[in-house]
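Throughout, read-outs are computed from the coordinates displayed, never taken from laboratory work. Just so it is clear, the structure is predicted and the values come from calculations on it, not from any experiment. Glycine gets a Cβ as well: all are built from the backbone with ideal geometry, and neighbour counts include every protein chain shown.
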Amino acid sequence: MYDVIVIGGGAAGMSAAISAGRSGGRVLVLEKNKKMGKKLYATGNGRCNLANEDVVLTKHYASWDTDYLSFLETIIGENPTHKLLDFVHSLGISTYSKKGYIYPMANQASAVVWAMLDELSRIGVEMITDAAVSEIHSEKECVYVKTDKDSYKAKTVILACGGRSYSSLGGSDMGYKLATSLNLKLTNIHQALCPVITTKDLSIAAGVRTSAHATLYVDGMYADEEWGELQITDYGLTGIMIFNLSSCAGKALGSKKKVCLSIDMVPQLENQDIREIFMAAMGRTCLGFLNGIINDKLARLILNECNIDASKKTDTLTADEVERLLDVLKNYRLEVSGLKDYEQAQVCSGGVSLSEIDADTMQLKQYNNIYIAGEIIDIDGKCGGYNLTFAILSGIKAGTGAYAYS
Ligand SMILES: Cc1cc2nc3c(=O)[nH]c(=O)nc-3n(C[C@H](O)[C@H](O)[C@H](O)COP(=O)(O)OP(=O)(O)OC[C@H]3O[C@@H](n4cnc5c(N)ncnc54)[C@H](O)[C@@H]3O)c2cc1C
C-alpha cells in the first residue's frame, strides 16, 4: 500500500509528490496524459513565469460569497515568494526577476519540469502516465483509486487534477467529476485569463495594439481596473490587461449581471492635454487630429462610435460633437457579452469550494485521508506567476499534510 497517491502530475501534483516523498513516504503519481507536467511546459510562453516578487492576496479571485483572503493567507502564508523560491532553488533551478516577474534562469519552462521529474526519480516517487483516474473511494483505513486499467490503494490521496482549460494540455472536467463523486461542493466554474467578447463590432480596428487603461463595471458599479497593452480583435478585446479582468467579468456574467468596460485609449494624456492638441489641430480633418495621437484604425473606430465623418474639419464640429469625441477617447464604453472558450483560457475560475478544505493542511473536511491542491480549488490569480505560486505552495502543503496523516 502507498502512503500517498497523487492524482494529477501537473505543477501542484508534482510539488505535492516531492514534498511527500522528501518526507520519506512511498508515493505514486497517476497522470492521465502521456507525459507529466504538460501544461507547465507551456506556461509563460514557454518561459514559465513561476512567481512574482510581490504576491498580493487581492490579485486572486474566489467565489464572491467566500472569505478567500484568510484561506489564501493560511495556504501561501507570509512571504510566499520566498517559500516558492526556496522550493524551486532546492530543485537546482536558478531564477531571475524581470520587472518583478520571476522566471527560471534558463528561460525555459521545460527546465522546471525536468528538474521536478529528476527530483521525483531521485527520491523514489513512482509515476504512471496514461493513467486516468475514474473512481476514488475512501474507507476508514485507506483510499481506493481506479484507472481504466488498474486499481491502487493508499493511506492518503491528493486530488491535484487542475481545471478544465486548454484540453490540449490536459485540461478536463475529470477532477470536478471525482470531486462530485466524493460529494464535495463545487462553485460556479468558468474561464479566466482569457479574451472577452463585446456586443459592439470592433472589427474595423482588429489587430490594433495600444497602451490603455480599462475599468470594469458590474451592474454600473466599479469592480476592477488594469493598465497595459490592449489588443483589439474582431470579436472583442484581448491582452494581459483584459485577461486580468476576465475572472471578475466571468463571475458577474455567471450571476446574470451586466458587465461593461470603459477604455481610456490615451492614458498618457490628461483631458486638458487632449483639448490643447485638439485646439492646435483646428482646420485639420477629425481623422487627421486623431492620427496625431492614436492608431489610424482606432481613430476610425472612435469616429464611427461618435458618428462623425473622418473627413469632417475639426472647426466645423458642434460643441456636443467635440465633447463626445473627447469623452470617447478617454471613456470608450463597451458591454461584455461573454468570454472566449476554455481553449483560450489560461485558468479555470471556480472549483472545489473553500468550505470543503482545511487550509492548514489541505485536508478535505469530509475525508481525513483525502487532500487537495492546485487549480481544482476555487482560487485563481491574475497573470504574473500567481497561479503557479498557488499550485506549487498548495501542493507542498498537501504533500506534507497527507504524508503526516498516512
Ligand atoms: C498557456 C498557459 C500559460 C500559463 N502561464 C502561466 C504562467 O506563466 N504563470 C502562472 O503562474 N500560471 C500560468 N498558467 C496557469 C498555470 O499553468 C496553472 O494554474 C497551473 O499549471 C495549475 O497547476 P495544477 O497542477 O493545479 O493543474 P495542471 O497543471 O492542469 O495539472 C493537472 C494534471 O492533472 C491531470 N489529471 C486531470 N484529471 C486526472 C485524472 N482523473 N487522472 C489522472 N490525471 C488527471 C491533468 O492531465 C494534468 O496534467 C498558464 C496556463 C496556460 C494554459
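Taken about its Cα centre, segment 89-175 carries a charge dipole of roughly 380 debye when the Cβ of each Lys and Arg holds +1 and the Cβ of each Asp and Glu holds -1.
Binning the C-alpha pair distances of segment 196-339 at 5 Å intervals from 0 yields a P(r) profile of 2, 10, 20, 23, 17, 13, 8, 4, 1, 0 %, listed from the shortest bin outward. Segment 37-61 and segment 71-122 have Cα centres spaced 10 Å apart. The Cα trace of the chain gives Rg and Dmax of 24.4, 84 Å, the first to one decimal, the second as a whole number. Rounded to the nearest whole Hz, the Karplus-based 3J(HN,Hα) values (6.51 cos²θ - 1.76 cosθ + 1.60, θ = phi - 60°) of segment 194-202 follow the sequence 8, x, 10, 9, 10, 6, 7, 7, 9, with x at glycine and proline.
Using modelled amide H (1.01 Å from N, peptide plane; none on Pro or chain starts), what sits under 5 Å from the amide H of T95, excluding residues fewer than 5 places away? The answer is M105. For the chain, set up a GNM with springs between Cα atoms under 10 Å and report which of A17, A299, A310 has the largest fluctuation. Of A17, A299, A310, the Gaussian network model singles out A310 as fluctuating most. Each residue of segment 231-243 was assigned a 3J(HN,Hα) from its phi angle through the Karplus curve 6.51 cos²θ - 1.76 cosθ + 1.60 (θ = phi - 60°); the sequence is 10, 9, 10, 6, 9, x, 10, 8, x, 4, 4, 6, 3 Hz, with glycine and proline shown as x. In the chain, taking the dipole from charged Cβ atoms about the Cα centre, the farthest positive-side position among L298, A106, I357 is held by A106.
Can you compute the helix-only [θ] at 222 nm over the chain? Use -39500 (n - 2.57) per DSSP H run of at least 4 residues, normalise by all residues, nearest 500 deg cm²/dmol.
Numbers: 12 runs with 133 residues, N = 406.
It comes out at -10000 deg cm²/dmol, rounded to the nearest 500.
Here's the list of lysines a cross-link from K35 could span, going by alpha-carbon distance under 20 Å and ignoring same-chain residues fewer than 8 apart: K146, K149.
How long are the three semi-axes of the equivalent ellipsoid of segment 102-230, in whole Å, if each is the root of 5 times an eigenvalue of the C-alpha gyration tensor, listed from largest down? Mind showing how you got there, number by number?
On the way: eigenvalues 318, 108, 40 Å².
So the equivalent ellipsoid measures 40, 23, 14 Å along its semi-axes.
Net charge dipole, the chain: roughly 900 debye, given to the nearest 20, about the Cα centre with Cβ charges of +1 for Lys and Arg and -1 for Asp and Glu.
Charge dipole (Cα centre; +1 on Lys/Arg Cβ, -1 on Asp/Glu Cβ; no other charges) of segment 213-272 amounts to roughly 420 debye. Only lysines eight or more places from K153 in sequence, or on another chain, were considered; those with a Cα closer than 17 Å are K140. Since only A404, G288, T389 are under comparison, the one whose Cα sits farthest along the positive direction of the charge dipole of the chain, derived from C-beta charges on Lys, Arg, Asp and Glu, is A404.
This ranking places T156, T187, T129 by how few other beta-carbon atoms lie within 10 Å of each, fewest first, which gives T129, T187, T156. Along the axis of the charge dipole computed for the chain (Cβ charges of +1 for Lys and Arg, -1 for Asp and Glu, origin at the Cα centre), the listed residues V27, C260, V328 are led at the positive end by V27.
How would you classify segment 147-190 from its alpha-carbon gyration tensor, with a ≥ b ≥ c the square roots of the eigenvalues: rounded for a/c under 1.5, else prolate if a/b is greater than b/c, otherwise oblate?
It is oblate, given that a/c is not under 1.5 and a/b is not larger than b/c.
Short-range pairs are left out: with C-alpha atoms under 8 Å and at least six residues apart, the relative contact order of the chain is 25 percent. Bridges between two residues of the chain, per DSSP, are antiparallel at a rate of about 75%.
Students often get this wrong: which residues of segment 338-354 have the backbone nitrogen under 13 Å from the point 7 angstrom along Cα-to-C-beta of K256? In segment 338-354, the label zone of K256 (backbone N under 13 Å from the point 7 Å along Cα→Cβ) covers no residue.
Annotation note: trypsin sites (Lys or Arg not before Pro) in segment 176-271 located in DSSP loop regions with a Cβ neighbour count of at most 16 within 10 Å are K185, K200, K256, K257, K258.
In sequence order, segment 136-144 has phi-based couplings of 9, 9, 9, 10, 4, 8, 7, 10, 9 Hz under the Karplus curve 6.51 cos²θ - 1.76 cosθ + 1.60, θ = phi - 60°, and Gly or Pro positions carry x. Legend: residue pairs K258/K365; K34/K155; K200/K382, Cα-Cα distance threshold 31 Å; pairs beyond threshold, K258/K365. A Gaussian network model of the chain, with springs between Cα atoms under 10 Å, assigns the largest mean-square fluctuation among Y235, Y103, Y176 to Y235.
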